[in-house]
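Chemist: Sharing a structure with you now.
The values are calculated or read from the model by the stated rules, or taken from the named source; none is laboratory data. Worth saying up front: this structure is predicted, and the values here are computed from it rather than measured. Here the Cβ positions follow ideal geometry from the backbone for every residue, glycine too, while neighbour counts run over all protein chains shown. All accessible areas refer to the heavy atoms of the entire protein, side chains included, with ligands and DNA or RNA removed. Shrake-Rupley method; radii C 1.70, N 1.55, O 1.52, S 1.80 Å.
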Amino acid sequence: MKMVLASQNAHKLAEMQEILSAQGIEVVQESELGLAVNVEETGTTFAENALLKAKAVMEASGLPAIADDSGLCVDALNGAPGVYSARYGGPEVDDLGRCRLLLENMRGMTDRRCRFVCAVCCAFPDGTVVTAEGECAGTLAYAPRGAGGFGYDPIFFFPALKKTFAELTSEEKHAVSHRGAALKQFQERLTAYLGQTVEA
């Protein structure tokens, strides 16, 4: 089965391909189909934004479209940056800049609890929508560590492995991450949906 990823993020594409290829799912980027769908993320939750993106790309491509919306929720900041994680600090700020801004806003705060949240949504041309969510709890590091990953990975410390996400191998990260958890649940729900369509 071929699915279009509703994102131009090459890092997300790589993670989706690694995790879903075992299910026989080929994930392609919008650009491979000559598309560049710009979706305004007006949702107030990760799930709402994922649905907006998946539906828009499905309608533009005519193929099943998978989207995820994810972000970092920090307890001491009342869940911020949350759904605004990718836009934290404004459009001109890069990943490292967002990490530095977040650390600056956390200066002097001892409660470093945070969690990564991921909502996955796949919209099918027949109107079916398959959704899933995953979370991963951790603490906010005091400085960026590691060269891997993307986004807030360098400052998200995972206590069980005593490393930031940016210090993990891709296999380690997939096994414990919010996206890995969401896609595992998604695979189970997708299998159930595909089984129903075959029976029908």
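Chemist: Identify, by number, the condition in (1) open to solvent by 30 Å² or more (accessible area, probe 1.4 Å); (2) at pLDDT below 95; (3) within 21 Å of residue 127 (Cα to Cα) that residue 30 doesn't meet.
Modeler: (1)
Chemist: Taking region 154-175 on its own, how many of its residues are within 16 Å of the chain's Cα centre (by Cα), within 23 Å of residue 101 (Cα to Cα) and in a helix (DSSP H, G or I)?
Modeler: Going through region 154-175 one residue at a time, the tally reaches 3.
Chemist: When both residues are 6+ apart or on different chains and their Cβ atoms are under 9 Å apart, which pairs have a first residue that lies in region 16-34 and is free of Cβ contacts under 8 Å to residues at least 60 places away in the same chain, and a second that is hydroxyl-bearing (Ser, Thr, Tyr) and not in a helix (DSSP H, G or I)?
Modeler: Here the result reads 29/7; 30/7, each pair linking region 16-34 to a residue that is hydroxyl-bearing (Ser, Thr, Tyr) and not in a helix (DSSP H, G or I).
Chemist: Residue 125 passes all but one of (1) assigned to a strand (DSSP E or B); (2) open to solvent by 40 Å² or more (accessible area, probe 1.4 Å); which number fails?
Modeler: Condition not satisfied by residue 125: (1).
Chemist: Another question, if that's okay. Only residues in region 168-179 that are open to solvent by 40 Å² or more (accessible area, probe 1.4 Å) count as the first member; pair them with residues that are not in a helix (DSSP H, G or I), Cβ under 7 angstrom, at least 6 apart or cross-chain, and list the lot.
Modeler: 172/161; 176/136; 176/158
Chemist: Here's something else I'd like to know. Take the residues of region 71-92 that are open to solvent by 20 Å² or more (accessible area, probe 1.4 Å), at pLDDT 95 or above and closer than 30 Å to residue 124 by Cα: which is nearest to the chain's Cα centre (by Cα)?
Modeler: Step by step, filter region 71-92, then rank; the result is 83.
Chemist: Might you check whether a residue that is open to solvent by 10 Å² or more (accessible area, probe 1.4 Å), in a helix (DSSP H, G or I) and either in contact with a helix residue (DSSP H, G or I) (Cβ under 6 Å, 6 or more places away or on another chain) or under 22 Å from residue 13 (Cα atoms) (or both) occurs anywhere in region 137-153?
Modeler: Checked against the condition, which is being open to solvent by 10 Å² or more (accessible area, probe 1.4 Å), in a helix (DSSP H, G or I) and either in contact with a helix residue (DSSP H, G or I) (Cβ under 6 Å, 6 or more places away or on another chain) or under 22 Å from residue 13 (Cα atoms) (or both), region 137-153 yields no hits at all.
Chemist: Return yes or no: is residue 119 touching a residue at least 24 places away in the same chain (Cβ under 8 Å), of a type outside the set (S, T, N, Q) and touching a Cys at 6+ places or on another chain (Cβ under 6 Å)?
Modeler: Taking the combined requirement at face value, the residue does not satisfy it.
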